[in-house]
Amino acid sequence: MQNKKLVLGALLMALTVIMQSLRLVLPMPPVVSTFIIGTLVNMMLIITSRISGFKAAALLTILLPVLAYMQGQLLLPLLIPVVIAGNMLYVVFLRQKRVFVFNYLLPPAVKALLMYLGAYIVLSFLQLENSVLVKNILFAMSVPQFVTGLLGVVAAERILVKLNKSY
């Protein structure tokens, strides 16, 4: 059973990395890419956590922002820990299925708030002026995180129900 869990975890992690990398091969406007890829990645964080356990999902929360930085999607390396923290908290909240508010609304809201505040602190530390870049980074760490987090939960729940019926 442990080997099955390990293999499933590795496969889910590989699939998640492929999904995150779709933006490199599919021509999409950045906003569309953010919402589609973000939803898929959030969905996979939940599925990985529920199927393969917290360790596999935690590893993904570390791996994905590093890859996003290497792909040019995360502009500042100091934002990597912010994204790790936001995704880790998201996974912790969603390890167990709970009632609607705690499963669908609270985890994405907390993730978005943490990532916004973390990005604000990093940008303040770097003393970047209140430029368009700063505003875009702060926006990317707020509303899109909530929306993709919420859509990721909805998608993951639907897929997990279908997977449970097939076993």
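Miscellaneous remarks
- Per-region count, region 127-156, residues open to solvent by less than 70 Å² (accessible area, probe 1.4 Å) and at pLDDT below 90: 1
- You will find that of L160, L123, L133, L128, the residue that is over 17 Å from the mean Cα position of the chain (by Cα) and in a loop (DSSP other than H, G, I, E, B) is L128 and no other.
- The lone exception for L75 - which of (1) farther than 18 Å from V153 by Cα; (2) in contact (Cβ under 8 Å) with a residue 12 or more places away in the chain; (3) part of a helix (DSSP H, G or I); (4) open to solvent by 40 Å² or more (accessible area, probe 1.4 Å) it fails: (3)
- Subset of region 78-117 that is part of a helix (DSSP H, G or I) and among the polar types (S, T, N, Q) - its residue that is modelled with the highest pLDDT: N87
- Residue in region 4-23 that is of a type in the set (A, V, I, L, M) and within 22 Å of N136 (Cβ to Cβ) present: yes
- When residues of region 4-50 are limited to those that are touching a helix residue (DSSP H, G or I) at 6+ places or on another chain (Cβ under 6 Å) and hydroxyl-bearing (S, T, Y), the one most open to solvent (accessible area, probe 1.4 Å): T34
- Qualifying position, being over 18 Å from K111 (Cα atoms) and not hydroxyl-bearing (S, T, Y), among V32, V41: V32
- Any chance T61 is part of a helix (DSSP H, G or I), out of contact with any Leu (no Cβ under 6 Å at 6 or more places or on another chain), within 22 Å of V153 (Cα to Cα) and open to solvent by 40 Å² or more (accessible area, probe 1.4 Å): no
The values are calculated or read from the model by the stated rules, or taken from the named source; none is laboratory data. The model shown is predicted, which means the values in this text are computed figures rather than measured ones. All Cβ positions, even for glycine, are placed from backbone atoms using ideal geometry, and neighbour counts span all protein chains on display. Surface accessibility is based on the protein's heavy atoms, side chains included, excluding ligands, DNA and RNA. Shrake-Rupley method; radii C 1.70, N 1.55, O 1.52, S 1.80 Å.
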